[in-house]
Amino acid sequence: MTLENAAEAADLIHSKTELRPRIAIVLGSGLGAFADELEDAVSIPYERIPHFVRSTVEGHAGRLVIGTCGGVPVAVQQGRFHFYEGYSMEQVMFPMRVFGRMGVEAVILTNAAGSLKAGMRPGDLMLIADHINMMGVNPLRGPNDERLGPRFPDMTQVYDRELQRLIDEEANGIAKERVEAGKDKTFKDFLHRGVYCALSGPTYETPAEIRLYRTLGADAVGMSTVPEAIAARHQGTRVAGISCITNFAAGMTDDIIHHDEVMEVGARVSEVFKELLRRVIKRI
Ligand code: HPA
């Protein structure tokens with residue numbers, strides 16, 4: 001995957017719409033509904049975009065939707081590529097290269113994740129403050145294209161502070177309004193902040209592994225986001241990450257973890273989640 005490949009994909013996308021988004025959003029498992037709400041939307045199946053691969057996971061639609069949200073043009077990935085599907089890291093992070101080429105300046109990466117904290121419950125959201133890459137490989141391994149970014153990119157601040165502040169503010173606003181409207185009984189600060197630990201999957205973790213990751217400083221676990229965050233940071237795109245907590249991680253309860261449950265909780269929080277995205281997009 002070269003910059004030329006990314007240029008080809010970007011040209012195809014630009015040929016389908018006059019919109020020139022500065023913001024891209026990647027929707028995680030069960031969170032795809034946001035893309036259906038965009039106005040002036042064109043939807044491009046991944047198989048039509050040069051060098052894109054297909055998303056094979058249930059709950060990931062597999063298309064890029066370009067449209068407007070509150071008048072702001074956005075590019076939305078309804079479904080992403082995962083390392084566990086067998087794709088190379090280059091294929092997994094390729095959409096970020098295309099966004100960069102399209103002139104996107106900020107990406108909001110979302111995902112479904114398991115919680116390692118008793119106080120962070122299914123249905124809550126977690127703003128990603130930092131990550132631990134436990135996928136066993138760095139996506140930037142291999143020759144570096146200096147036109148994109150440096151060989152040894154700094155990862156001190158992967159998740160943009162200003163974007164974090166803005167998301168936090170809007171989430172607090174939503175939480176207050178929900179209590180006032182009687183939708184929630186207590187003022188629940190449903191946006192937590194924490195460290196996302198990325199694993200290659202596709203198995204969920206064992207209880208012993210979850211204890212290990214907690215010791216290492218993880219607050220949530222998942223199988224995505226980090227490759228894209230690293231690629232975006234490498235090329236100088238601002239990054240924000242939001243996890244939708246769909247379950248307690250293995251061993252925290254007696255329950256087993258099932259993809260259907262992950263999807264179901266994603267769908268359940270989608271109203272609040274969509275509202276948060278709408279408000280954040282307006283302010284970026
Ligand atoms: N582990 C890994 N990935 C996940 C989980 C989990 O518990 N929940 C949703 N994605």
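From the square roots a ≥ b ≥ c of the eigenvalues of the alpha-carbon gyration tensor of the chain, which class results: rounded (a/c under 1.5), prolate (a/b over b/c), or oblate?
On the way: a/c = 1.60, a/b = 1.21, b/c = 1.33.
Oblate shape, in that a/c is at least 1.5 and b/c is the bigger or equal ratio.
Please give the peptides 149-156, 276-283, 103-110 ranked by average Cβ packing (other Cβ atoms within 10 Å per residue), highest first, as a rough proxy for protection.
Values: 149-156: 11.6, 276-283: 18.4, 103-110: 22.0.
Averaged packing, sorted descending, gives the order 103-110, 276-283, 149-156.
If a/c stays under 1.5 just call it rounded; otherwise compare a/b with b/c (prolate if a/b is bigger, oblate if not). Do that for the stretch 4-70, with a ≥ b ≥ c from the square roots of the Cα gyration tensor eigenvalues. The partial results should precede the final answer.
Values: a/c = 2.05, a/b = 1.10, b/c = 1.87.
The shape class here is oblate.
Return a whole-number percent for the relative contact order of the chain, with Cα pairs under 8 Å and 6 or more residues apart as the contact set. Please report the intermediate quantities before stating the final value.
Details: 567 pairs, mean separation 74.3, N = 284.
Once normalised by length, the contact order is 26 percent.
Could you compute the net charge surrounding ARG283? Neighbours are other residues with a C-beta less than 15 Å from the C-beta of ARG283; K and R count +1, D and E count -1. Intermediate values should be presented prior to the final figure.
Values: positive: ARG22, ARG161, ARG165, ARG238, ARG278, ARG279, LYS282; negative: GLU105, ASP160, GLU162, ASP168, GLU169, GLU170, GLU275.
Around ARG283, the charge tally is 0.
Considering only the other residues whose Cβ falls under 12 Å of the Cβ of VAL65, what net charge follows from Lys and Arg at +1 and Asp and Glu at -1?
-2
Let me check against my output: what whole-number percent is the relative contact order of the stretch 44-99, with C-alpha pairs under 8 Å and at least 6 apart? Please report the intermediate quantities before stating the final value.
Details: 65 pairs, mean separation 15.7, N = 56.
With pairs under 8 Å counted, the relative contact order is 28 percent.
Specify whether the C-alpha gyration tensor of the stretch 114-263 places it in the rounded, prolate or oblate class, a ≥ b ≥ c being the square roots of the eigenvalues: rounded for a/c under 1.5, otherwise prolate if a/b is larger than b/c and oblate if not. Working shown, then result.
Working: a/c = 2.57, a/b = 1.29, b/c = 1.99.
In terms of gyration-tensor shape, oblate.
When the helices in the chain are scored as -39500 (n - 2.57) per DSSP H run of 4 or longer and the sum is shared across all residues, what 222 nm value do you end up with, to the nearest 500 deg cm²/dmol? Don't skip to the answer; put the middle values down first.
Values: 7 runs with 91 residues, N = 284.
So the helix-based figure for the chain works out to -10000 deg cm²/dmol.
I need to check one value: relative contact order of the stretch 1-70, counting alpha carbon pairs closer than 8 Å and at least 6 residues apart, in percent.
Numbers: 69 pairs, mean separation 26.6, N = 70.
Across the stretch 1-70, relative contact order equals 38 percent.
Report the number of Lys pairs in the chain whose alpha-carbons are under 19 Å apart, with separation of 8 or more residues or on distinct chains.
On the way: LYS117/LYS188; LYS176/LYS185; LYS176/LYS188; LYS176/LYS274; LYS183/LYS274; LYS188/LYS274; LYS274/LYS282.
Eligible lysine pairs with Cα atoms under 19 Å apart amount to 7.
Step through the residues of the stretch 197-205 one at a time and calculate ³J(HN,Hα) from phi using the Karplus curve (6.51 cos²θ - 1.76 cosθ + 1.60, θ = phi - 60°), rounding each to whole Hz and writing x for Gly and Pro.
Per residue, the Karplus-derived 3J(HN,Hα) values read 10, 9, 10, 6, x, x, 6, 6, 7 Hz.
Tell me the net charge near GLU37. Cut-off is 15 Å between Cβ atoms, GLU37 excluded, with +1 for each Lys or Arg and -1 for each Asp or Glu. Can you show the working numbers first?
Numbers: positive: ARG63, LYS274, ARG278, ARG279, LYS282; negative: ASP36, GLU39, ASP40, GLU271, GLU275.
My count for the surroundings of GLU37 gives 0.
Where a number appears in this text, it was derived from the coordinates with a stated rule and is not lab data. Values in this document were obtained by computation on a predicted structure and should not be read as measured data. Positions of Cβ are backbone-derived with ideal geometry, glycine not excepted, and every protein chain shown enters the neighbour counts.
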